[in-house]
Amino acid sequence: MPIRTIIEPFRIKSVEPIRWTTRAQREKLLRDAHGNLFLLPADDVLIDLLTDSGTGAMSTYQWGAIMEGDESYAGSKSYNRFRDSIQDIFGYSHVIPTHQGRAAERILFNVMVKRGQIVPNNTHFDTTRANLEFVGGVAMDLVIAEGKQPSLKHPFKGNMDVAALETVIEREGRDKIPLVMLTVTNNSGGGQPVSMQNAKAVSAVCRKHGIPLYFDACRFAENAYFIKLREPGYENKTPKEIAQEMFRLGDGCTMSAKKDGMANIGGFLCTNDDILAQQEKDLLILTEGYPTYGGLAGRDLEAIAVGVQEAVDVDYLRYRIASTAYLGNHISERGVPIVQPPGGHAIYLDARAFVPHIPLEQFPGVALANELYLEGGIRSVEIGSLMFGKAAKMDLVRLAIPRRTYTQSHIDYVIEVILEVWRKRDQIRGLTLAYEPPFLRHFTARFEMPG
Ligand SMILES: Cc1ncc(COP(=O)(O)O)c(C=O)c1O
């Protein structure tokens, strides 16, 4: 019999202790944080599944490369290595470093979008939507209908509704749509992948109308692995070949290297358009820095150059996708409602189904996330009515798995805590908002807390 257990494809060289608290301590801590898990000191969290962004562990090769960081202000060798490694996978002619993904988004939208113009996407991530709206653009989510039904199984729930895209372009006119975006994988829609066939269809529509297509490429490697697993014709291709094929369908991308760049900070903006690239670099200099560092240290560029290549390693991706599914399958087989099938970087609890007695105005996702913290010191994040307001199609609680950071026994603990909260779900109460800022309110919102 062949051995079937999938193990972490690494051993641990350096450890970071984590700290227990009692339930009474957590009740006070959550009150002090005004019921918003973002406002908790990280030290008071036992297992931090708030995000997979910048929270992963770097490899010995990345740490080695960091020592070679060239900190020259202009023309750094580290930039050349960064650019070459990215071009090897993404293939775009201009690679502009930024301090993280949202900086790439801000620059892209400032250069490409005018007030009142529409940008279709499968689902805009919160920073993408906010940056677009900040320049007066309209964010339009066109994910397929299956992508909005949490319990429905479909291999590519991140796909864009191509017919809806055509209709929007015909109705609004090409001039109203400066670019189309595809988010791979679709984070706000449950970390679900986009198929190559769908990306090809979207690309064909864009090409027909002369509209540029940009990828929000944060989790491009996980998306490529899902294509390898699920899309006929790709089983024998490497994740890197699949990613290269996908990026050839577009004109550029935004990227947060804190995800599939396997780095703790960084991002980039790519384009094939020389004129746009010049305008983007002009803006970059204004707020991020010179185009060969873009707000990053030379050592960060080195970590990303190595990281993007590690992200497409097939052994790593096999473990990554299997370990996320392990969490999802163990809770869903006990009845816990999750977005099906399990996503690449996270498991999403369906809060509307988990706590159906809590009305949307009382933030069922926030209430559930807070309960996971009170029960077991686990931090997660709401993606729903707090994050997106009335635009929210679902109320989800995302348990994002940092890359190469937690072991299977950590995940077994998480499973036990979720099942305990599931058993006591009728006792969970809704929340009332006490303060909200004008943008991205979930980061700093405060809730009324009893006692
Ligand atoms: C799909 C997607 N796009 C953009 C971003 C923004 O990236 P950053 O947090 O590096 O600004 C994120 C971050 O989580 C994301 O998941």
Among the lysines, which have Cα under 19 Å from the Cα of residue 208 when same-chain residues fewer than 8 positions away are ignored?
176, 200
Put a dot 7 Å past each Cα toward the Cβ at residue 24 and residue 1; how far apart are the dots in nm?
4.9 nm
Could you derive backbone 3J(HN,Hα) for the stretch 144-151 from the dihedral phi with the Karplus parameters 6.51, -1.76 and 1.60 (θ = phi - 60°), listing whole Hz in sequence and x where the residue is Gly or Pro?
4, 4, 4, x, 9, 10, x, 8
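Enter the accessible area per residue of the stretch 296-451 (Å², integer; probe 1.4 Å; all protein chains in place). Don't jump to the answer; show the numbers that get you there.
Numbers: 5780 Å² over 156 residues.
Heavy-atom SASA per residue in the stretch 296-451 reads 37 Å².
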Please calculate how many Å² of accessible area the stretch 188-265 carries per residue, with a 1.4 Å probe and no DNA, RNA or ligand atoms counted.
30 Å²
For a paramagnetic label modelled at 7 Å from the Cα of residue 60 toward its Cβ, which residues of the stretch 1-23 fall within the zone defined by backbone nitrogen distances under 20 Å?
7-16
Residue 170-residue 285 FRET efficiency (beta carbon distance; Förster radius 56 Å; 0.05 resolution):
0.90
Can you list residues from other chains, or at least 5 along the same chain, whose modelled amide H is less than 5 Å from the amide H of residue 98?
267, 268, 269
The stretch 41-47 - phi-based ³J(HN,Hα) in whole Hz, Karplus 6.51/-1.76/1.60, Gly and Pro as x
x, 4, 5, 8, 10, 7, 10
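With Cβ to Cβ distances under 12 Å as the rule, what net charge do the other residues near residue 149 carry (K, R +1; D, E -1)?
Working: positive: 148, 153, 157, 352, 393; negative: 146, 350.
Net charge around residue 149: +3.
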So what J values fall out for the stretch 165-170 if you push phi through Karplus, 6.51 cos²θ - 1.76 cosθ + 1.60 with θ = phi - 60°, rounded to Hz, Gly and Pro as x?
4, 4, 4, 4, 5, 5
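Which value in deg cm²/dmol, rounded to the nearest 500, describes the helix-derived mean residue ellipticity at 222 nm for the chain, given -39,500 (n - 2.57) per DSSP H run of n ≥ 4 and division by the residue count?
Values: 16 runs with 182 residues, N = 451.
Per the formula, -12500 deg cm²/dmol.
So how strong a dipole does the chain carry about its Cα centre when Lys and Arg Cβ are +1 and Asp and Glu Cβ are -1, to the nearest 20 debye?
Numbers: 51 positive and 54 negative charges, 125 e Å.
About 600 debye.
So how do 138-145, 376-383 stack up, highest first, on mean other-Cβ count within 10 Å? Don't jump to the answer; show the numbers that get you there.
Values: 138-145: 19.5, 376-383: 24.1.
Taking the mean over residues of other Cβ atoms within 10 Å, the ranking is 376-383, 138-145.
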Does the chain come out rounded, prolate or oblate by the C-alpha gyration tensor, with a ≥ b ≥ c the root eigenvalues, rounded set by a/c under 1.5 and, if not, prolate when a/b is larger than b/c and oblate if not?
rounded
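Mind checking the full-extension length gain between residue 209 and residue 34? Use 0.36 nm per residue of separation minus the Cα-Cα distance, one decimal, nm. Numbers along the way, then the final one.
Values: separation 175, 0.36 × 175 = 63.00 nm, distance 4.88 nm.
The residue 209-residue 34 span can extend by a further 58.1 nm.
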Within 10 Å, count the other beta carbons around each residue, average over each peptide in 328-339, 56-67, and list them highest first.
328-339, 56-67
Extension gain (nm, one decimal) between residue 12 and residue 154, 0.36 nm per residue minus Cα-Cα:
47.6 nm
Please state the charge dipole magnitude for the stretch 1-147, taken about the Cα centre, from unit charges on C-beta atoms (+1 on K and R, -1 on D and E), reported in debye and rounded to the nearest 20.
100 debye
What are the GluC sites (Glu not before Pro) within the stretch 65-141 that DSSP puts in a loop, where the Cβ has at most 11 other Cβ atoms within 10 Å?
71
What are the residues whose amide H is under 5 Å from the amide H of residue 140, where those residues sit 5 or more places off or on another chain and H is modelled from the backbone?
119, 121
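Given a 1.4 Å probe and every protein chain left where it sits, what share in percent of the accessible area of the chain is carbon and sulfur?
Numbers: 9900 of 18740 Å².
Carbon plus sulfur share of accessible area: 53 percent.
For the stretch 239-326, what does the alpha-carbon gyration tensor say about shape, rounded, prolate or oblate, given a ≥ b ≥ c as the root eigenvalues, a/c under 1.5 as rounded, and a/b over b/c as prolate?
Numbers: a/c = 2.85, a/b = 1.60, b/c = 1.78.
Because a/c hits 1.5 or more and a/b fails to exceed b/c, the stretch 239-326 counts as oblate.
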Using modelled amide H (1.01 Å from N, peptide plane; none on Pro or chain starts), what sits under 5 Å from the amide H of residue 157, excluding residues fewer than 5 places away?
none
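Applying 1/(1 + (r/R0)^6) with R0 = 41 Å to the Cβ-Cβ distance of residue 426 and residue 405, what FRET efficiency is obtained, to the nearest 0.05? Provide the component values of the computation, followed by the final result.
Details: r = 33 Å, r/R0 = 0.81.
The formula returns an efficiency of 0.80 here.
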Tell me whether the stretch 78-168 comes out rounded, prolate or oblate; compute the Cα gyration tensor, take square roots of the eigenvalues as a ≥ b ≥ c, and use a/c under 1.5 as the rounded threshold.
oblate
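The values are calculated or read from the model by the stated rules, or taken from the named source; none is laboratory data. Note that the structure is a prediction, hence the values are computed from the model and not measured. FYI the Cβ positions are ideal-geometry reconstructions off the backbone, even for glycines, and counts take in every protein chain you see. Heavy atoms of the whole protein, side chains included, go into the accessibility calculation; ligands, DNA and RNA do not. Shrake-Rupley method; radii C 1.70, N 1.55, O 1.52, S 1.80 Å.
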